[in-house]
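Computed from the coordinates by the stated procedures, all read-outs in this text should not be read as laboratory data. What you see is a predicted model; the values in this text were computed from it and never measured. For neighbour counting, all protein chains shown are included, and Cβ atoms are generated from backbone atoms with ideal geometry for every residue, glycine included.
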Amino acid sequence: MSTPDPGNRDLRAALNDLDGARNWMASICGPHGLQVSHPERLRFHQSGTVLRSMATTIGYVEYGTDVTVAVSESSPLNCYSVSLPVVGQQELAAHGKRWLSDQDCGLIVSPQESQDLAITGNCRKLHVAIPRFALQLVLQTMLQRPVETPLVFQPDMDAAAGDQASWWRVVKFLAGEMERSGPSLGQLYMSSEFELTLLKGLLLSQPHNYSEQLANATAPTPPHYLTRARQFIHDNAREPITLEDIERASGVSRFKLFDGFRQYFGCAPIAYLKRYRLESARRDILDDRSVRNISSVALGWGMSHLGRFSTEYKALFGESPSETLKRAARR
């Protein structure tokens, strides 16, 4: 039996069949295989909360029997799956190597690679599912330039000491408080700022293929003319604004405007506007799962060419608007 809460985006599932368990986790993480030696022993339980801004899911997962989660490179996950056993163990096999995970060591399953995750029957684990597009956008903002190659993390993540352990303590606290907090605290934890801090913390604490570049990157405060231009875009993104409008709001020449946007935001002004509109449309789809007319969402954010909207949406987020809606509706 499953009882997603449409108000607080709470997730709850208690399932005894293999297909049901796989499909439920696929709605959170994306496509994967689930192998079970004794299907009759399966006692799947999942509970969690979806953060509103970028749809990161935080919660607990257990299967009740030995299972193996199989991820294929040809049909990758749509998220980074980060997990830490509270009890029991799990083992990740990839690239001819194996990583054992217990209470002192978590695992990160990066979505673009083929790998198998074996989970013991007594394993109950803390689980964080971060959409690929969300981490990519945060990384691009921190690097101040577009990211061309996929982000790939080191699979094992220390939960006993160091910066990674600090990150896990924050996640444990957050997961516990989400189960107990009232509306006021709930709004804080669901806020975009809190989620952004969580994603930045992971990027800064856990080694990955952009770690060196991230360490060398600086993030000075944008000059006032860029702040004015960015705020103008945010305030008027639903309107048919033009490059000339943005240039006028900034108060500087077009050349200086373009140069500043590329230096601080990694793209041209109109590209920034387009991305902001797409991100806002996605939030609307995720926040209101009763929305059935995707066209009205696109038009509401100033995107009148619906075919182009769908193409650009999929290029940025890795799924079509209708796929986002279907996945959100299943939760």
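Assorted remarks:
- Under the combined filter of DSSP loop state and at most 13 neighbouring Cβ atoms within 10 Å, region 43-126 retains none of its chymotrypsin sites (Phe, Trp or Tyr not before Pro).
- For S322 and R98, a Förster radius of 30 Å and the Cβ-Cβ distance give a FRET efficiency of 0.20, rounded to the nearest 0.05.
- For region 224-330, the direction-averaged projected area of the alpha-carbon convex hull comes to 6.7 nm².
- 26 Å tail of the calculated P(r), the chain, as % of Cα pairs: 51 percent
- Remark: the chain carries a charge dipole of roughly 780 debye about the Cα centre, counting +1 on each Lys and Arg Cβ and -1 on each Asp and Glu Cβ.
- Residues of type aspartates and glutamates that K172 reaches as a straight line, Cα spacing below 17 Å, ignoring anything fewer than 8 places off in the same chain: D10, E62, D102, D104, D158, D163, E195
- Residue-count net charge about A315 - beta-carbon cut-off 15 Å; Lys, Arg +1, Asp, Glu -1: +2
- Principal-axis tilt of helix 269-287 within the chain, Cα atoms, nearest 10 degrees: 40 degrees
- Here's the picture: charge each Lys and Arg Cβ at +1 and each Asp and Glu Cβ at -1 in the chain, and of A165, F317, N293 the one pushed furthest to the positive end of that dipole is N293.
- In degrees, nearest ten, helix 321-330 long axis to first principal axis of the chain (Cα): 40 degrees
- Relative contact order [Cα under 8 Å, 6+ residues apart], region 10-215, whole percent: 20 percent
- Both radii were evaluated on the Cα set of region 1-120; the Rg over Rh quotient, with Rh as the Kirkwood radius, amounts to 0.94.
- Ranking Q89, N78, S101 by how far each Cα lies toward the positive end of the dipole of region 10-215 (charges on Cβ) leaves N78 at the top.
- Listed by chain and number, the lysines placed with their C-alpha closer than 22 angstrom to that of K274 are K256, K314; residues fewer than eight positions away on the same chain are left out.
- Once the GluC sites (Glu not before Pro) in DSSP loops with at most 13 neighbouring Cβ atoms within 10 Å are cut out of the chain, the longest remaining piece is 149-331.
- Here Q89 and E239 are evaluated by their C-beta separation; at R0 = 51 Å the FRET efficiency comes out at 0.40.
- Computed extension gain for R308 through R254, at 0.36 nm per residue and net of the alpha carbon distance, reaches 16.8 nm.
- R0 of 51 Å, Cβ-Cβ distance H224-H38: FRET efficiency to nearest 0.05: 0.20
- Cα long-axis angle, helix 254-265 against the chain (0 to 90 degrees, to the nearest 10): 20 degrees
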